[in-house]
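The values are calculated or read from the model by the stated rules, or taken from the named source; none is laboratory data. Being a predicted model, the structure only gives us computed values, none of them experimental. Reconstructed Cβ throughout: ideal geometry from the backbone, glycine too, with neighbour counts over all protein chains shown.
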Amino acid sequence: MPTVLIALAAGSGALFIPHVSSNFFWMFQSMLGLSTRGTFKTHSVAMSLSSVISLPLILLLGVFV
């Protein structure tokens with residue numbers, strides 16, 4: 001089980017700063033109809049928040065496993 005938690009923690013860290021070359025970035029832009037600049041701001045905040053929120057949850061899960 002610790003291997004799974006390590007993989008989840010690495011994935012959480014990888015979410016922190018998104019790249020414009022990401023497929024999800026362009027899908028996010030087309031779904032919301034935003035400009036590239038607006039999408040970068042919105043997408044960056046959303047992905048950074050998901051990274052910051054998910055890491056403590058993974059660490060908490062590691063305490064109980």
Quiz item: Which members of segment 1-25 meet the condition of being at pLDDT 90 or above and either β-branched (Val, Ile, Thr) or more than 25 Å from Leu61 (Cβ to Cβ) (or both)?
Solution: Thr3, Val4, Ile6
Self-check item: Every residue from segment 48-59 that is surrounded by 13 or more Cβ atoms within 10 Å (Cβ to Cβ) and under 9 Å from the mean Cα position of the chain (by Cα)
Solution: Ser48, Ser50, Ser51, Ser54
Practice problem: Spot the failing condition for Phe25; the list is (1) in a helix (DSSP H, G or I); (2) more than 13 Å from the chain's Cα centre (by Cα), and only one is missed. | Solution: (2)
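Conditions tested, residue by residue: (1) among the aliphatic types (A, V, I, L, M); (2) touching a helix residue (DSSP H, G or I) at 6+ places or on another chain (Cβ under 9 Å).
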{"position": "Thr3", "(1), (2)": "no, no"}
{"position": "Gly11", "(1), (2)": "no, yes"}
{"position": "Leu15", "(1), (2)": "yes, yes"}
{"position": "Pro18", "(1), (2)": "no, yes"}
{"position": "Phe25", "(1), (2)": "no, yes"}
{"position": "Met47", "(1), (2)": "yes, yes"}
{"position": "Ser54", "(1), (2)": "no, yes"}
{"position": "Leu60", "(1), (2)": "yes, no"}
Practice problem: Report yes if Leu15 is in contact with a Ser or Thr (Cβ under 9 Å, 6 or more places away or on another chain) and loosely packed, with under 12 Cβ neighbours inside 10 Å, otherwise no. | Solution: no
Quiz item: Can you find even one residue in segment 36-47 that is in a helix (DSSP H, G or I), closer than 24 Å to Leu5 by Cβ and under 15 Å from the mean Cα position of the chain (by Cα)?
Solution: yes
